[in-house]
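What follows is a short report on a single structure.
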Amino acid sequence: MRQARWLIALGLTATLPRLGAAQDPRLERRLDSATFAALTPVLDSAQASDLPLEPLVQRALEGAAKHAGATRIVAAVRLLATELGDARAALGTGSTSAELVAGASALRAGAHSSDLAQFRRRRGAGVTVPLAAVTDLVTSGVPPDSAVAAVLALVALARDDQIVDFRRAVERDIALGAPPAAAAAVRVNAAVREFSQNTPGNQPRRP
Amino acid sequence: MFDRDDDVLERVVDRLREPIEMDPTLDARVMVRVARSSRRLDWLTRWWDWLRQPREVSIRPLTALAAAAALAGVALWLGTKTSTQGAAGLADTTVVEFVLVAPHAATVSLVGDFNDWDAATTPMHPVKNGSIWSVTVPLPAGRHRYAFLVDGARWLADPAAPRAPDDFGAPSSVVTVGG
């Protein structure tokens, strides 16, 4: 019995540093005690699941800066943690924090987990910019399926900066009055033709 | 031919049959070595047995607390080391210019994921008679949420950038920096 008590005590002391790591001093400074207390189990759970904590901390700090209530901050952080977990399940455990954030945004914009997996298969490493482009196109009014199809058509052919240029061109066309889905389709056809003739391997990279 | 070979063979056999003079201390030296090696094995066996034996351990609470504090110290030191490495990684950044047209503003701050959403960290500077506010910020690769805070109270999204989903009732924008 005495031995069991000691074992429990030792186990608790060994886990203290791990639990403490989720208690970011920035949150302690900027959140009121009730919000901080409500947020701690969400962050501990995310840490136990090996999710990146920094995006979650930043979302909480955004809420604090905008004077949001505890319920709203905790809900936003919890939702982001779920989305990061879903993004990791689709993109793979080796994904970077930036990729998971971009994947989480794409999922919230309407992309499916299977779409994210396709991006990973076609691009390999570095899917942050393509996934962000999908989200931004959807925000501009392009239907999610069209946005995914358009960027997927480019992802193996184009560099990151070319994907950003494509996204900007579509947004310009939409601002000038073009229907979003049509703007994406026209621009992606032109880009695929251009990049297929002039594959990335044959072009000098920008510094 | 055979005779000659037999001769050689006979000489070799004779040579092998000659008695060899042994070092008189050889036996003693061998026995010392054997004893030493057996002592080493004994020592290892005893340690292994000691390690395998279950035994009661009593620890003073003060000792346990000291051990826990030492563990926490090591964990904190490792954490600091990791964040220092993270800061060194900021060398791989892209400089991004943020611009806002706000002719009647007294102050404008750029606030976002890259400055812990702290309004005091990145004040923007007026250009062109104070109607345009601008600032440049080095950003690491990734997708960053941000907003402009005008006169310390009014949140504005960047009209030149995609909007971020609004979780808190005030607009934000996003900028993506390629890796």
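Going by the structure shown, is residue A:141 at pLDDT below 95 and either of a type in the set (Ser, Thr, Tyr) or not assigned by TED's automatic domain parsing to the domain that holds residue A:90 (or both)?
Here the answer is no, as residue A:141 does not meet what is asked.
Restricting to region B:146-179, count the residues that are more than 13 Å from residue A:136 (Cβ to Cβ) and of a type in the set (D, E, K, R).
Counting residues in region B:146-179 that are more than 13 Å from residue A:136 (Cβ to Cβ) and of a type in the set (D, E, K, R) gives 4.
Yes/no per residue for (1) touching a His at 6+ places or on another chain (Cβ under 7 Å); (2) over 21 Å from residue A:58 (Cα atoms); (3) at pLDDT 95 or above:
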residue	(1), (2), (3)
B:100	no, yes, yes
B:108	no, no, yes
B:112	yes, no, yes
B:130	no, yes, no
B:144	no, no, yes
B:149	no, no, yes
B:165	no, no, no
B:169	no, no, no
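Residue A:45 fails exactly one of the following numbered conditions: (1) within 14 Å of chain B (Cβ to nearest Cβ); (2) surrounded by fewer than 22 Cβ atoms within 10 Å (Cβ to Cβ); (3) not in a loop (DSSP other than H, G, I, E, B). What is the number of that condition?
(1)
Which condition from (1) modelled with pLDDT under 80; (2) surrounded by 10 or more Cβ atoms within 10 Å (Cβ to Cβ); (3) of a type in the set (D, E, K, R) is the one that residue B:5 breaks?
Residue B:5 satisfies every listed condition except (2).
Would you mention how many residues in region A:136-148 are surrounded by 17 or more Cβ atoms within 10 Å (Cβ to Cβ) and more than 14 Å from chain B (Cβ to nearest Cβ)?
Residues flagged as surrounded by 17 or more Cβ atoms within 10 Å (Cβ to Cβ) and more than 14 Å from chain B (Cβ to nearest Cβ) within region A:136-148 amount to 2.
Here is a yes/no grid of residues against (1) surrounded by fewer than 10 Cβ atoms within 10 Å (Cβ to Cβ); (2) in a helix (DSSP H, G or I); (3) touching a Ser or Thr at 6+ places or on another chain (Cβ under 7 Å):
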| site | (1), (2), (3) |
| --- | --- |
| B:16 | yes, yes, no |
| B:21 | yes, no, no |
| B:24 | yes, no, no |
| B:31 | no, yes, no |
| B:42 | no, yes, no |
| B:45 | no, yes, no |
| B:57 | yes, no, no |
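All but one of (1) within 20 Å of residue B:177 (Cα to Cα); (2) facing chain B (nearest Cβ under 10 Å); (3) touching a residue at least 12 places away in the same chain (Cβ under 8 Å) hold for residue A:64, so report the exception by its number.
Going through the list (1) within 20 Å of residue B:177 (Cα to Cα); (2) facing chain B (nearest Cβ under 10 Å); (3) touching a residue at least 12 places away in the same chain (Cβ under 8 Å), residue A:64 breaks only (1).
I'd like the residue in region A:75-107 that is within 11 Å of chain B (Cβ to nearest Cβ) and of a type in the set (Val, Ile, Thr) and, out of all such residues, is surrounded by the most Cβ atoms within 10 Å (Cβ to Cβ).
Filtering first and then ranking leaves A:101.
So which strands (runs of 3 or more DSSP E) are wholly in region B:113-179 and hold at least 3 residues that are crowded, with 18+ Cβ neighbours inside 10 Å and more than 10 Å from chain A (Cβ to nearest Cβ)?
Strands (runs of 3 or more DSSP E) meeting the threshold: B:132-140.
Residue by residue through region A:48-72, note down the ones that are assigned to a loop (DSSP other than H, G, I, E, B) and of a type in the set (S, T, N, Q).
The one that is assigned to a loop (DSSP other than H, G, I, E, B) and of a type in the set (S, T, N, Q): A:49.
What number of residues in region A:25-38 are more than 14 Å from chain B (Cβ to nearest Cβ) and either closer than 24 Å to residue A:103 by Cα or not in a helix (DSSP H, G or I) (or both)?
The qualifying residues number 1.
Please tell me if residue A:133 is facing another protein chain (nearest Cβ under 10 Å) and in contact with an Asp or Glu (Cβ under 6 Å, 6 or more places away or on another chain).
Against the criterion (facing another protein chain (nearest Cβ under 10 Å) and in contact with an Asp or Glu (Cβ under 6 Å, 6 or more places away or on another chain)), residue A:133 does not qualify.
The values are calculated or read from the model by the stated rules, or taken from the named source; none is laboratory data. Fair warning: this is a prediction, and the values are worked out from it, not measured in the lab. Methodologically, a virtual Cβ is constructed for each residue, glycine included, from the backbone with ideal geometry; neighbour enumeration extends over all protein chains shown.
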